[in-house]
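The values are calculated or read from the model by the stated rules, or taken from the named source; none is laboratory data. Small disclaimer: the values here were computed from a predicted structure and weren't measured. With ideal geometry, Cβ positions are generated from the backbone for all residues, glycine too; neighbour counts draw on all protein chains shown. These accessible areas exclude ligands, DNA and RNA; they are computed on the full protein's heavy atoms, side chains included. Shrake-Rupley method; radii C 1.70, N 1.55, O 1.52, S 1.80 Å.
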Amino acid sequence: MEGDKKGFPYRLQWISNIIKHGLFWHGVRNNLARIGLDFMPYYWVQEATSAIDPPQIRGTDKNFEISIFGREEIEYIQNTIIGIEEKDLIEDLKNGEICIGLKNKETIAAYMLIKRRPFYFRKRYFNLKPYESYLHSMYTFEVYRGKGIAPYLRYHSYKLLEKEEVTTFYSVSEYFNKSTIKFKKKLNSKPIRLYLNVRLFKRWIWNFTCLLYTSPSPRDS
């Protein structure tokens with residue numbers, strides 16, 4: 001949620017949004033994590049596993065433009081969205097990540113980040129090959145939700161990467177984040193693994209593999 005990050009009304013709206021979008025258990029998990037009991041089941045997902053019809057933005061306003069975001073846009077995002085205070089998006093850019101976003105008449109509507117190098121996610125190592133990518137931190141601003149913005153931006157991120165001969169797209173979907181899982185289904189995504197990360201009081205960390213759904217496509221082996 002975006003706002004001035006202060007005040008009871010914003011927190012109340014934040015709770016209302018969690019329930020509205022089927023994120024109750026996602027919210028419960030996040031609140032337990034705040035007191036040191038952090039149990040996070042998540043899917044390792046391969047996106048765009050088959051041909052996709054180009055998603056369209058719903059509504060009469062079609063004045064949207066895809067662009068690569070820089071420091072100015074990142075600082076605005078960092079200072080506007082509640083809940084990302086611990087993320088250093090500027091450092092992500094310095095480390096070679098790409099921030100692709102969507103603007104509506106110069107107003108930021110959505111953004112996401114792309115990794116091209118091997119990385120750690122909650123102490124689990126993921127080794128990306130030259131033709132692979134990791135897509136993360138997708139966010140649509142409140143006023144633009146319900147218009148199909150997320151699949152539209154995601155689809156165009158694939159096209160951007162394909163120009164650089166990156167043809168395999170991975171992401172993480174938290175098990176309880178039903179809205180994320182729903183939008184990725186529109187992009188012919190499939191789960192590859194179900195993992196569980198346990199972090200207690202930010203001190204003890206364990207990673208488990210719970211289920212192997214399918215192997216990545218042959219070009220990923």
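Within segment 125-164, the set of residues being under 21 Å from PHE208 (Cα atoms) and buried (at least 17 other Cβ atoms within 10 Å of the Cβ) comprises TYR134 only.
LYS103 meets each of the listed conditions (1) in contact (Cβ under 8 Å) with a residue 40 or more places away in the chain; (2) closer than 14 Å to PHE69 by Cβ; (3) of a type in the set (Lys, Arg) apart from (1). Residues of segment 165-204 that are open to solvent by 40 Å² or more (accessible area, probe 1.4 Å), in a strand (DSSP E or B) and among the small types (Gly, Ala, Ser): none at all.
Of all residues in segment 151-174, at least one satisfies being under 21 Å from ARG122 (Cα atoms) and either without any contact (Cβ under 8 Å) to a residue 40 or more places away in the chain or of a type in the set (Val, Ile, Thr) (or both). With respect to the conditions (1) touching a Cys at 6+ places or on another chain (Cβ under 7 Å); (2) free of Cβ contacts under 8 Å to residues at least 12 places away in the same chain, LEU93 lacks only one, and its number is (2).
Please report, ordered by residue number, the helices (runs of 4 or more DSSP H) entirely within segment 10-124 with at least 1 residues that are surrounded by 11 or more Cβ atoms within 10 Å (Cβ to Cβ) and either polar (S, T, N, Q) or modelled with pLDDT of 95 or more (or both). I'd like the intermediate steps shown before the answer.
Values: elements: 24-34, 71-80, 89-94.
Per the criteria, 24-34, 71-80.
Does GLY83 fit the bill of being touching a residue at least 60 places away in the same chain (Cβ under 8 Å) and of a type in the set (Gly, Ala, Ser)? Outline the logic, then answer.
Numbers: touching a residue at least 60 places away in the same chain (Cβ under 8 Å): yes; of a type in the set (Gly, Ala, Ser): yes.
Answer is yes for this residue.
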